[in-house]
1. Where residues in segment 266-312 are among the hydroxyl-bearing types (Ser, Thr, Tyr) and closer than 15 Å to residue 380 by Cα, which of them is modelled with the highest pLDDT?
2. Within segment 79-101, restricting attention to residues that are surrounded by fewer than 19 Cβ atoms within 10 Å (Cβ to Cβ) and closer than 29 Å to residue 39 by Cβ, which residue is modelled with the highest pLDDT?
3. How do the helices (runs of 4 or more DSSP H) wholly within segment 1-116 filter down when requiring 2 or more residues that are in contact with a Phe, Trp or Tyr (Cβ under 9 Å, 6 or more places away or on another chain): which remain?
4. Collect the residues in segment 67-78 that are within 25 Å of residue 182 (Cβ to Cβ), modelled with pLDDT under 95 and not β-branched (Val, Ile, Thr), keeping them in residue-number order.
5. Does residue 94 satisfy being within 30 Å of residue 126 (Cα to Cα) and free of Cβ contacts under 8 Å to residues at least 40 places away in the same chain?
6. Just a yes or no: is a residue in segment 148-158 part of a loop (DSSP other than H, G, I, E, B), within 35 Å of the chain's Cα centre (by Cα) and surrounded by 19 or more Cβ atoms within 10 Å (Cβ to Cβ)?
7. Go through (1) of a type in the set (Lys, Arg); (2) over 21 Å from residue 384 (Cα atoms); (3) surrounded by 14 or more Cβ atoms within 10 Å (Cβ to Cβ) and name the single condition residue 340 misses.
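The values are calculated or read from the model by the stated rules, or taken from the named source; none is laboratory data. Since we're looking at a predicted model, the values are computed, not measured. Positions of Cβ are generated from backbone atoms using ideal geometry, with glycine treated the same way; all protein chains shown enter the neighbour counts.
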Amino acid sequence: METNTHTEDAALIGERQAAARTLMARPLLTRRTHPAEFSLVRSHAEWLVQRFQRVLGYRLTVADDHARLVKRGLVSEVVRPLTRPTGSRFTPRTHTYLALALAVLVERTGPTTVRSLAAQVRAAAREAGIDADPARGLGERRAFCAALQHLIGLGALTETSGTVREHQADAAVDAGLLPDTDVLRSVAAHLPRAGDDPESFLADTVDPDPESDQAGEVALRRLLAETAVVHRERLPDRQRDRLAAHQWRAAAALGNLLGCDTEIRAEGVALVMPDEAAATPCFPSDDPVGHTALALVRHLSGRLHPGRPTTSVPVPEQELHAALEAFGGADAPARSEWARTAGPELPGPDRLSALVLELLSGLGLLTGRPGERLLSAAAARFGADVDDRVPRIQDNDEDSRTHPAQPRGSGHGGPDAQADPRGDLDRVASVLQAVANEKVSATSGDTGDDRGPRDGSG
């Protein structure tokens, strides 16, 4: 039986929902890295364990020094790429060292050092048939240290003397480390079995269209909680029907758990989280990627909206690249401003474009492959302002606003054929001509009712 939240203390409800939002954003929470948030989760552990299992089917474990929310049923929606402090993504080599370091550290119970750990990682790699040696050169050492810094950020490792960053700069520095074995064993939530390959492992974790109604409702709640917008047209038929039938019940359950509002529209459903929640990438933001993404969304919304009810509109590839070049290309005025400010890393033009497209794709605002991209109707929520710095690109899409109007009598399919693909101006002209004819008839005394000599009246 669901708890009636209206009868509970408002402060208590707010604390529980804030703790739930924190776990959604940081599934591994430790006392050392986030003491205030962990204390809040610990104090409401029983309620959180029961409610996460009931609403989302997620398993929550709360120990003395850490809490781990184990998510399931989704992959791309809940998995965020691991990054270095500079914002660059982990390379495959860094992921390899992270896995090897975990394999070694989960068996340790006492302090160690970076150089000792590197030797153990090298031995583990040799045993597994992997060519990896943290002491082989600067590139290998950087990848190894990035993996260790990630574990330190999670609270699974503690630097006791010196730092891993110092060892990265100078291999002679031997920083002391203290592993937390329980936290280390919670880093990897789902371990593959011996016979799994990557495809089968990922396939076992995803079921977008469960057969039973109960499992289908839980899958919908997960999708609503983990994605920015759930578009009805992108759901399988069964899930689309379930969303239409149970969307308000799902909204109530997620509202009680996360303290969020739900916006339900014809094209889809979105959860609106309080400002401090950060389960998804923050957008809009002031960094170069967020700034460029916002400018791109506003420009495309103003330039490409077809002027009729729709859930998405095709984005011409030339229009997209022209806008990205204007907003973040090598000659874009904004790049000089970003270079002068003391802010985050300024990516190169190509990498900036890739990060912008990745961000908008993750938010569901720009979907599809190159040449087949679609701009979601949700993008218009951020504004629709055509930027004059982006040149117009002519294409053959009848619903596009990228066509320059042809001058009358230019021989391009009739007057204003390109500027008026649906013939709206022709219909308006017909109405105006009819009104003009009526005025002429009224002033000449001809009512238009009498038949003329050519009307068969003899």
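1. 301
2. 82
3. Helices (runs of 4 or more DSSP H) meeting the threshold: 10-25, 92-105.
4. Across segment 67-78, the qualifying residues are 71, 72.
5. The answer is no for residue 94.
6. Taking every residue of segment 148-158 in turn, at least one turns out to be part of a loop (DSSP other than H, G, I, E, B), within 35 Å of the chain's Cα centre (by Cα) and surrounded by 19 or more Cβ atoms within 10 Å (Cβ to Cβ).
7. Condition (3) is where residue 340 drops out.
So that you can scan it fast, the table gives a plain yes or no per residue for (1) closer than 17 Å to residue 288 by Cβ; (2) in a loop (DSSP other than H, G, I, E, B); (3) touching a helix residue (DSSP H, G or I) at 6+ places or on another chain (Cβ under 8 Å); (4) modelled with pLDDT of 60 or more:
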position	(1), (2), (3), (4)
334	yes, no, yes, yes
351	yes, no, no, yes
397	no, yes, no, no
417	no, yes, no, no
426	no, no, no, no
